[in-house]
1. Please work out whether region 11-249 counts as rounded, prolate or oblate from its C-alpha gyration tensor, where a ≥ b ≥ c are the square roots of the eigenvalues and a/c under 1.5 means rounded, while otherwise a/b larger than b/c means prolate and anything else oblate?
2. Please give, to one decimal in nm, the separation of the simple spin-label points placed at residue 247 and residue 399, each 7 Å out from Cα toward the Cβ.
3. Using a 10 Å Cβ count of at most 16 others and DSSP loop calls, identify the longest part of the chain lacking such trypsin sites (Lys or Arg not before Pro).
4. Take residue 237, project a point 7 Å from its Cα along the Cβ direction, then tell me which residues of region 136-173 have their backbone nitrogen under 18 Å from it.
5. Which pairs, out of 232/304; 304/369; 90/304; 90/369, put more than 30 Å between their alpha-carbon atoms?
6. Could you check which residue among 315, 116, 153 shows the biggest mean-square fluctuation in a GNM of the chain with a 10 Å Cα cutoff?
7. Work out, in µm²/s and without decimals, the Stokes-Einstein translational diffusion coefficient of region 134-205 at 4 °C, 1.567 mPa s, Rh from Kirkwood over C-alpha pairs.
8. Inverting the mean 1/r over all pairs of different Cα atoms, compute the Kirkwood radius of region 361-431 and quote it in Å.
Amino acid sequence: MQERHDDEFRIHRFSPYRLFIERVSAYWVSIWRCWRTVLDWTVWLYIFIPGILIFSGMYRDVLRNPPEWLFEIPITILLALLGLLQLSGKLRTFAEPGDGLFLHRNVKWVRGMTKAGFVYGLVIRSVISSVFIAIIAPLLLHIFNMTAVYVSALIIYSVVCGFLWMMISDQVMRMWRGWQRTLVFLTARSIFMVVFVWIATIGEHRVVILVGVSVLVIVVASWLMRLRIRTKGTLLHEISVENAAYVASVGWILRDTMEKKPVPRLRRPMLFKQSQPLVRHRDDTYRLLDSWFKSILRRYDLLKPLLYFTGFGSAAVLLPPFIVAVIIWLVLPLLLLSSLQRQWEQWLSEPFIALFKWRDDLLEEASKKAKVWSALPTVTLWAIIIGVKSGLGYGGMGWLAIVIVPIAGYFWLTFINDILSSFSAIRRKKE
């Protein structure tokens, strides 16, 4: 009787689709493990759950008693948001550097992984579009008086358009480099958004057109899929896409642990090529400040958090009622200054800046000025939004808040900054 070996390698037990599913599972498990380090029970209990409950209650109240301005919002804004969600799609094959040794030598496996990537992208597009439309469906049905047939057709239309953009984006990334890629992407995204919103708006009254365009998009996407499957030499591109996707998913959490900084793509910076001073060099403090502000304007990794704070903070102040918006506006500078403090400390530890020996009193003074000056435009924008909400809500003397609130915001910003700087100084002394 022949002895059976349980650990015997059986090639028929493996397939590109099983490998793809295994890699997808491993990817999302690793992403969840990273996010679990910051999303503990206290974050859920004190931030996310109350936030969800508050947003749900506010959304329900808006639907029950819709304000007059809600009826004046053009439907194109919601459709534009739906279109922007589709622009985030990328073709994922979950390629790894070791695939070049064996997997990419087998045409069957390469095409199998690519086809699995198509299915994965279609599923992700379907989930994102369905969730977003499900959230805004009460507005579409009850406020804008749209039919359930149109909403269903809009889901299909957005999914296939998102899949088509995923194929176009992959083609552009493989064909162009540098500023040409940026220019092509900018043009393609603009055309996509205009056409997407235009067709969706027409389909509101003629669902047949929306369905017909969806069928046409499926035909074009299928043709691009066929071309992509036959394309060779895409391993390095696929690996770069996977690396970028992973960094985009966990980069915010692991940014403090990243030892390698982004590699410069240009020989000379686009801004301040002659190193002309941005801030007058009165003393060493202002020289350090000048280097700090140039680094922010030249490096997107330093500018991006500030832009995110500006965008999301503006939405957080603009959407809720006036009293809640004021409370949020008072808290946001604390979060912004904390983020800038972390960036400042990381920037000081970079090799070039660390070559210089700075005095403690100089660093403390420069830190205060750098954080206040960096945060001031964002805080002022939030204050102007508060002032406009006050004028629209109360009228008359309420419009004076456009002038008063930004001035008060400056003093509030400096007050919080002094407190945070004091805590930072105490912590450095203990270290």
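1. Working: a/c = 2.16, a/b = 1.41, b/c = 1.53.
It comes out oblate by the Cα gyration axes.
2. In this crude label model, residue 247 to residue 399 measures out at 4.8 nm.
3. Working: sites that count: 4, 10, 177, 206, 232, 260, 265, 267, 273, 280, 282, 299, 357, 359.
In short, 11-176.
4. Answer for region 136-173: 163-173.
5. Working: 232/304 35 Å; 304/369 20 Å; 90/304 21 Å; 90/369 41 Å.
Pairs exceeding 30 Å: 232/304; 90/369.
6. 315
7. On the way: Rh = 13.9 Å.
D = 93 µm²/s.
8. Values: mean 1/r = 0.0738 Å⁻¹.
Roughly 13.5 Å, rounded to one decimal.
Where a number appears in this text, it was derived from the coordinates with a stated rule and is not lab data. All figures in this text were calculated on a predicted structure; none of them were measured in a lab. So basically every Cβ, Gly included, is an ideal-geometry build from the backbone, and we count neighbours across all protein chains shown.
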